[in-house]
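Let me begin by presenting the structure, written as structure tokens, before commenting on it.
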Amino acid sequence: MSTLVGSSVFATVNIKYPYKTYKTMATCVDNSRTSQPTPSHHLSVSDQPRFDNPVSKLLKFYRPCLTDFVSQTATNPNPEQLPQPRRTFIEDAEGEEAKKDYIWMKMREESCMDVEREPILSSYYFTSILAHNSLESALGNHLANKLSNSTLPVHTLYDIFSGVLYEDQEILEAIKEDLKGVKERDPACTSFVHCFLNYKGFLACEAHRVAHNLWLRGREALALLIQNRVSEVFAVDIHPGAKIGRGILLDHGTGVVIGETVVIGNNVSILHNVTLGGTGKECGDRHPKIGDGVLIGAGTNVLGNVRIGEGAKIGAGAVVLKDVLPRTTAVGNPARLVERNDLFRLDTVQV
């Protein structure tokens, strides 16, 4: 559609994007002051106005299929022909498949949204998430890229990680629970894909699950190699013999040390610089046992074969050398238990 103003022609350009149709005004094309304007439908191809301002050139660069000429006819699209809103991965899935792969489909949907907001990351998201057809493949690839070096190539690590993840479905379910746990308990976690790509505590935990599987199968050398690479890259040192439950949150992750005979329950939250180690005076089963739903604050040391009851909280900087009762709080060095009445009062304070 064109509009005559004085002796100039202004043309409206309809530019279609995947979800919206935008209307922009093309550059004014001057017809000599002394000549009469020619009706738009009589303009030859050579006379049709071109748009060659900087914005139009940029648009042409990104949309090479866009014509150089400005349409001279009005566009009244049929609403039925307009591009429809894209269905999400979750909407496209049905039945049990949607329930089984909800986390993976949600991650792909979040990846597409992130790419729309930050197109410069499109290649990164494609190689990390969108090019893969399963969570196992994506995680194996991501860990392999993170932990590889000049003597330990990516394809070797990918074969190791993806092989274990495809074989052991219990690990896969634990990974999904870890993603849910981080998303629910860490306010800084904005999405599943954000945790998957950027949380080194999560990545260290999942690499440990693979190393633990190898350790139990008698492949100690390979398991210890993975432990060493995780310690070097993520600054998280977890012995492959340690047993870790589901829904684990290693918040920040830096400086976490977990010994060989540690047992950690489900839905446990561990902050940075936490040591679950031995006293140096024992052999054999010498490390802590952590119950379900425990919270261990930053800088805490839990030493020896002690038990932390389910739902207990360990304050930051505490040194725990004795058992902690369920649903109590231990603080200080050496740690002392807080009375249950005080615990109730502390739980009801809003921060």
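Worth a mention:
- Among the residues examined, Pro240 does not qualify as more than 30 Å from the chain's Cα centre (by Cα), closer than 24 Å to Glu206 by Cβ and either buried (at least 20 other Cβ atoms within 10 Å of the Cβ) or not charged (D, E, K, R) (or both).
- Taking the stretch 114-207 as the region of interest, the helices (runs of 4 or more DSSP H) fully inside it that hold 3 or more residues being free of Cβ contacts under 8 Å to residues at least 40 places away in the same chain and surrounded by fewer than 22 Cβ atoms within 10 Å (Cβ to Cβ) are 122-125, 135-147, 154-167, 169-185.
- Test for Val233: is it more than 19 Å from Leu139 (Cβ to Cβ), outside any loop (DSSP other than H, G, I, E, B) and open to solvent by 20 Å² or more (accessible area, probe 1.4 Å): no
Matching residues to (1) hydroxyl-bearing (Ser, Thr, Tyr); (2) open to solvent by less than 70 Å² (accessible area, probe 1.4 Å); (3) within 24 Å of Gly201 (Cα to Cα):
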| site | (1), (2), (3) |
| --- | --- |
| Pro288 | no, yes, yes |
| Thr300 | yes, yes, yes |
| Gly309 | no, yes, yes |
| Ile314 | no, yes, yes |
| Leu321 | no, no, no |
| Arg327 | no, no, no |
| Gly332 | no, yes, no |
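- The lone criterion from (1) in contact with a helix residue (DSSP H, G or I) (Cβ under 7 Å, 6 or more places away or on another chain); (2) closer than 24 Å to Lys180 by Cα left unmet by Val263 is number (1).
The values are calculated or read from the model by the stated rules, or taken from the named source; none is laboratory data. Since the model is a prediction, treat every value here as computed from it, not as a measurement. Heads up, the Cβs are rebuilt from the backbone with ideal geometry, glycines too, and the neighbour counts pull from every protein chain shown. Remember, those area values only see protein heavy atoms, side chains included, never the ligands or the DNA or RNA. Shrake-Rupley method; radii C 1.70, N 1.55, O 1.52, S 1.80 Å.
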